[in-house]
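The block underneath contains the structure these notes are about, expressed in structure tokens.
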Amino acid sequence: MTTAPGPAGPSSDSQALVLIAEDEPDIADILQAYLRRAGLRTVHAGDGRRALDMHRSMKPDIVLLDVMMPKLDGWKVLSELRHRGATPVIMLTAMDQDIDKLMGLRCGADDYVVKPFNPAEVVARTQAVLRRTLADDEQRVLRVDPFVIDLDQHEAAVRVEGRLHTLALTLTEFKLLTHLARSPRKVCTRAELLVACLPEGDALERTVDSHISKLRKKLEELGVRGVPVSIRGVGYRLWGSE
């Protein structure tokens, strides 16, 4: 059974997640070592198709994408990533012609690194791109343990025993979860949630209770209990205490 986390401090989900799409294991291992030393989390995909699968399931904050990969090359992967949304992408390639760099940038890459590269430089560029994207107040993906909420795709997932489970939420339930997740320890009044999350016409505060109850039931079915937390006579917060 999974319960709501307490106020013991941030979890590893507060660190950016880097997806390394690289078919050469030695290069991938070096990049993972350097990135982890810099405080970033990493996952590795050895081919283009696997990279797209992991992007959909794990929702990384940034992708380091090799051009020459089996199954799907980096250009095709980049095209699909841009079709899905705006996840930052840094291309990794042995191609050093200007036309290749321009092609990568025109296709939507955020940066371009030519092999052989200094792993420390890749880390620095990764951090720079992350600073530009994650500094935005409207982050595209909220990571609040145990939740991962994709604002672009209107999808929410919950991590249970190390695995992400997609939640089948109504629009109102998604809005309520997102609003609470932005400030997980803040107590939100029913009136605040009513204005922020419910469609026009739902004017009764007890309507909030009904939607929260349905959201909580869906979480309990996955073993996540006590979320959101009820604050008697006031409203709700996601979890934890002040």
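The values are calculated or read from the model by the stated rules, or taken from the named source; none is laboratory data. Keep in mind the model is a prediction, meaning the values are calculated, not measured. Here the Cβ is made from the backbone with ideal geometry for all residues, glycine too, and neighbour counts use every protein chain on show. When the accessible area is computed, the model is the full protein with side chains, heavy atoms only, and any ligands, DNA or RNA have been set aside. Shrake-Rupley method; radii C 1.70, N 1.55, O 1.52, S 1.80 Å.
Odds and ends about this structure:
- Each residue in region 55-85 was checked for being hydroxyl-bearing (Ser, Thr, Tyr) and part of a loop (DSSP other than H, G, I, E, B), and 0 pass.
- The set of residues in region 73-88 being among the polar types (S, T, N, Q) and under 18 Å from the mean Cα position of the chain (by Cα) consists of Thr87 alone.
- Single unsatisfied condition, Val148 versus (1) open to solvent by 70 Å² or more (accessible area, probe 1.4 Å); (2) of a type in the set (A, V, I, L, M); (3) not in a helix (DSSP H, G or I): (1)
- Flag for Val187 being out of contact with any helix residue (DSSP H, G or I) (no Cβ under 7 Å at 6 or more places or on another chain), closer than 20 Å to Val144 by Cβ and in contact (Cβ under 8 Å) with a residue 60 or more places away in the chain: no
- Counting only residues that are open to solvent by less than 30 Å² (accessible area, probe 1.4 Å), under 23 Å from the mean Cα position of the chain (by Cα) and among the aliphatic types (A, V, I, L, M), region 168-196 holds 4 of them.
- Members of region 221-239 found to be open to solvent by 20 Å² or more (accessible area, probe 1.4 Å), farther than 17 Å from Val148 by Cα and not basic (Lys, Arg), listed by number: Glu221, Gly226, Val229, Ser230, Ile231, Gly233, Val234
- Filter result (part of a helix (DSSP H, G or I) and loosely packed, with under 12 Cβ neighbours inside 10 Å) within region 197-209: Arg206
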